[in-house]
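Input: a single structure, listed below in structure tokens.
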Amino acid sequence: MFQLRLCLLLFLSSIVSLQAQQPKTYNSSEIYEAVQKLNVLGSVLYIAAHPDDENTRLISYMSNEVKARTAYLSLTRGDGGQNLIGPEIRELLGVIRTQELLAARRVDGGEQRFSRANDFGYSKHPDETLEIWDKDEVLADVVWTIRTFKPDVIINRFDHRRAGKTHGHHTASAMLSMEAFDLADNNDAYPTQLEYTATWQPKRLFYNTSWWRYGSQEAFNKLDKSNMLSFDVGVYYPSKGMSNNEVAALASSQHLCQGFGRLLQRGSQQEYIEFLKGEALNDSDNIFEGIDTSWNRVAGGKAIGTILKSVETDFNFKNPASHLPQLLEAYKLLQSIEDEHWKAIKTKELKTIIEACTGLYLEASANTPNAAPNAVVNLEMEVVNRSTTNIDLVSYTLSALHTGVTKNMSLVSNQKLNFEESITIPSNSNYTTPYWLNKQSTLGMYSVTDQNLIGLPETPRAVSVDFNLLIEGTPLTITKPVVYRYSKPDKGELYRPFEIIPVASARLSDDVYIFENDQQKDIEVTVKAGKNHIEGYVEMAYPNDWQVYPKKQRIAITNKGDIQKVIFTVIPPNNQSEGLITPMVNIDGEVYTDEIIEIDYAHIPYQTVLMPSKSKVVRLDIKKQGNNIGYIEGAGDVVPESLRQIGYDVTVIAPEQISPENLDDFDAIVVGIRAYNILEDLVFKQRFLLEYVKEGGNLIIQYNTNRGIKVDNLAPYDLHISRDRVTDENAEIRILEPNHQILNYPNKIDQNDFEGWVQERGLYFPDNWSKEFTPLLASNDKGENSKEGALLVAKYGKGNYIYTGLSFFREFPAGVPGAYRLFANLLSAGKQDEASLKN
């Protein structure tokens, strides 16, 4: 049964993955559901802090059962978390999680919004959160979302009354929602927004509560629920062949980088929302009580509603095109109403339904996935009318051209037409990249100054085609973004977004270069051509106390997409130093300093991210003992590469390779972050690792979450992992055992080594351990008791068992010198005694 359910989940996930890549088409059931939604003029906004915070059961229920226009406002893009599927962290992780949210919304039928808040990592109190975020700017963004989305009802995921009892981002999201509810209709609040939109007052605000808020199901059952509404969100949808819970599970399973893939769920399940603010309900279970959600809501809408209700009541599943006269009549009436908000929303929905009913297929595919400004791109337009409806292609207008291309052609039923056009990408075109990454961000905020971009999930596509049609004599324009369509023998037809890229880009081979002594290093720069025939040179920007040779390197690349690698010799100063280096590519007097980063996962569309090409160079004062390191990889960290940077010979050990004979030759074994949470084989291999320590080995375990640990005995002695963490990266570190070997050999560790840490000190510290362990460090966030579980060491047999919750996986990519020095000491544990014996 487990295998059957898993196969079903994988099958459904593969369908969603496929749909994430190619244009959406609709079957009869989906058209009918779209007509049902077309007849509901009500909106729900769900608000929380991160990707994965949203309750997909409730979002799906509101969208698919209630048929309301439903959106999720995630204040952040989840940039501060971990990545279980790849190496991307921080900004790039935010790009992935943004797309995973969009993938989830494609499943549950919701829309997606964001604020400019940057997920800086775990926060213990909303006061800290709102200080690091710019509270006024994030509040402005929530107000902006309310004013533009115009929800009738807002539902908070979290409780605004629980400051200090849960993640600070969570509580802050609810607090900001409560405040924005009152400000959105105030003309004096954020008046510059009113140049683009109008004030809006939602009808009521709820909190999506549950038993976990009260500690247990028993406590929740005893609670007075007179101020709550409940919904059975387990309703079954015959048109989908799935229940709401199955849809919701499939939606949340799109959060793959967070390990949210899960089995589908079925059966009755209650969801509760607590009334917080606004117009109270009068013993009703209808969240829209007092709101007319029919077409009568808008002046001139009654006639439209009469037509569309008839379509819904008598829907022809065998031939949806039979409804086109009614749909076109409703479309013409819709263009005359004065309510611009509902006019825009319902026009878009109605055009999609009309297109779907005709089986009309419109596509504009480029002959290349990307192009630079001023480049010529060939487009192939495909137009097919797969119905007997009278449709004329009057013209099409390309966004890169000032004039349209006249066609005046009748589209004969099921006869494909292909047209070829060449366009020149305008010289002033913006490059394709997430808009929130265009400017330097702060720890807590992304910088976005264009008000119309704020809140959008992704950057609007720059190149599109308007197909100007006459459908049964009614003018209709349908816009399609230009895509790149191609195929692979082992995968079939594939799609990628068409993207605009620079003439040249440059990439350094590593994000951080660590110089363990004053010896020079050769650093490789890869230049990639964004068009054919580029010539120029590369030079480096670097700190004043460093040297780079040669000053320039010539480049000449014939074909677009090809690369040329050049080598610069970097000479560090004699003393400890750090700074940034940047390659600068000069082509015809234009200097290009950005790197193109490509993100390619099957469950989300292909992503191109343009970011400054820069790497940190660090001249370390560091000593090492031992060289041969074995590494058991966990959840997407870059620790192996970082250790190689400082001269270690690192061998990645697959779990199935863990055996006594394969471990004996290593000076130390390091287990990657969360390995004991995700590697099933460690259940059988742990005894070999502990035996390795007993026989004189050095084993370093990096942090694991306290839930879902695969082994019964994580350590040779009692060790309990908690949720303790120190989130302030500047929190004082107190050295508990200043004379301990690990803090003195081969590097003397002091307070200076804990300067410049990023995001946090560490996480999931042990809070109880046996007497065999020695805690070496203590720290705590403001107002909390001392946490002493960041670094624990125990002798076991002849070797050393080390557990650390310090966030080395964040500090290494940031080039923090002290983190490298301390980790070198961990790897050298016990080696001082060996060196003494040799001497």
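The values are calculated or read from the model by the stated rules, or taken from the named source; none is laboratory data. Every value quoted in this text rests on a predicted model; they were computed, and no experiment measured them. Cβ atoms come from the backbone with ideal geometry, glycine included; neighbour counts cover every protein chain shown.
Numbers below:
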quantity: Unique match (being in contact with a Ser or Thr (Cβ under 7 Å, 6 or more places away or on another chain) and of a type outside the set (A, V, I, L, M, F, W, C)) among Tyr692, Tyr676, Tyr717, Tyr648; calculated: Tyr717
quantity: Residue check, Thr358 surrounded by fewer than 19 Cβ atoms within 10 Å (Cβ to Cβ) and either free of Cβ contacts under 8 Å to residues at least 12 places away in the same chain or not acidic (Asp, Glu) (or both); calculated: no
quantity: Some residue of the stretch 633-642 being in a strand (DSSP E or B) and in the same structural domain as Pro817 (by TED's automatic domain parsing); calculated: no
quantity: Filter result (under 21 Å from Ala829 (Cβ atoms) and either of a type in the set (D, E, K, R) or assigned to a loop (DSSP other than H, G, I, E, B) (or both)) within the stretch 747-760; calculated: Asn747, Lys748, Ile749, Asp750, Asp753
quantity: Some residue of the stretch 794-803 being part of a loop (DSSP other than H, G, I, E, B) and within 23 Å of Phe120 (Cβ to Cβ); calculated: no
quantity: Number of the exception - Ser441 against (1) assigned to a loop (DSSP other than H, G, I, E, B); (2) exposed (fewer than 15 other Cβ atoms within 10 Å of the Cβ); (3) polar (S, T, N, Q); calculated: (2)
quantity: Scope the stretch 292-309; condition β-branched (Val, Ile, Thr) and without any contact (Cβ under 8 Å) to a residue 12 or more places away in the chain; matching residues; calculated: Thr306
quantity: Residues of the stretch 508-541 that turn out to be part of a strand (DSSP E or B) and either more than 33 Å from the chain's Cα centre (by Cα) or surrounded by 13 or more Cβ atoms within 10 Å (Cβ to Cβ) (or both), as a count; calculated: 21
quantity: Neighbours by Cβ (under 6 Å, 6+ apart or cross-chain): first from the stretch 782-802, more than 20 Å from Tyr764 (Cβ to Cβ) and polar (S, T, N, Q); second modelled with pLDDT under 95 and buried (at least 19 other Cβ atoms within 10 Å of the Cβ); calculated: Asn800/Ala829; Asn800/Gly830
quantity: Candidates Gly261, Gly305, Gly278 - the one that is at pLDDT below 95 and farther than 23 Å from Val235 by Cβ; calculated: Gly261
quantity: Matching entry among Asp664, Asp712, Asp649, Asp681 (being modelled with pLDDT of 95 or more and among the acidic types (Asp, Glu)); calculated: Asp649
quantity: Out of Ile587, Ile629, sole residue that is modelled with pLDDT of 95 or more, farther than 30 Å from Ala829 by Cα and in contact with a strand residue (DSSP E or B) (Cβ under 7 Å, 6 or more places away or on another chain); calculated: Ile587
quantity: Some residue of the stretch 424-436 being closer than 30 Å to Asn730 by Cβ and either out of contact with any Cys (no Cβ under 8 Å at 6 or more places or on another chain) or not in a strand (DSSP E or B) (or both); calculated: yes
quantity: Among the residues listed as Val376, Val384, the single one being out of contact with any Asp or Glu (no Cβ under 8 Å at 6 or more places or on another chain), surrounded by fewer than 13 Cβ atoms within 10 Å (Cβ to Cβ) and modelled with pLDDT of 90 or more; calculated: Val376
quantity: Unique residue being surrounded by fewer than 24 Cβ atoms within 10 Å (Cβ to Cβ) and in contact with a Lys or Arg (Cβ under 6 Å, 6 or more places away or on another chain) when the list is Asp152, Asp182, Asp136; calculated: Asp152
quantity: Whichever residue in the stretch 699-746 is assigned to a strand (DSSP E or B) and touching an Asp or Glu at 6+ places or on another chain (Cβ under 7 Å) and, among such residues, is surrounded by the most Cβ atoms within 10 Å (Cβ to Cβ); calculated: Val726
quantity: Check on Thr403, surrounded by fewer than 17 Cβ atoms within 10 Å (Cβ to Cβ), under 18 Å from Pro481 (Cα atoms) and not assigned by TED's automatic domain parsing to the domain that holds Gly561; calculated: yes
quantity: Residue match in the stretch 73-89 (condition: polar (S, T, N, Q) and at pLDDT 95 or above); calculated: yes
quantity: Close pairs (8 angstrom Cβ cut-off, 6 or more residues apart or separate chains): more than 22 Å from Phe515 (Cα to Cα) in the stretch 569-592, modelled with pLDDT of 95 or more and surrounded by fewer than 15 Cβ atoms within 10 Å (Cβ to Cβ) anywhere; calculated: Met584/Ala541; Met584/Val591; Val585/Val591; Ile587/Glu535
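For every residue, the table says whether it meets (1) surrounded by 14 or more Cβ atoms within 10 Å (Cβ to Cβ); (2) within 30 Å of Asn83 (Cα to Cα).
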site: Ser226; (1), (2): no, no
site: Glu246; (1), (2): yes, yes
site: Gln254; (1), (2): yes, yes
site: Gln258; (1), (2): yes, yes
site: Gly267; (1), (2): no, no
site: Gln270; (1), (2): no, no
site: Lys277; (1), (2): yes, no
site: Gly301; (1), (2): yes, no
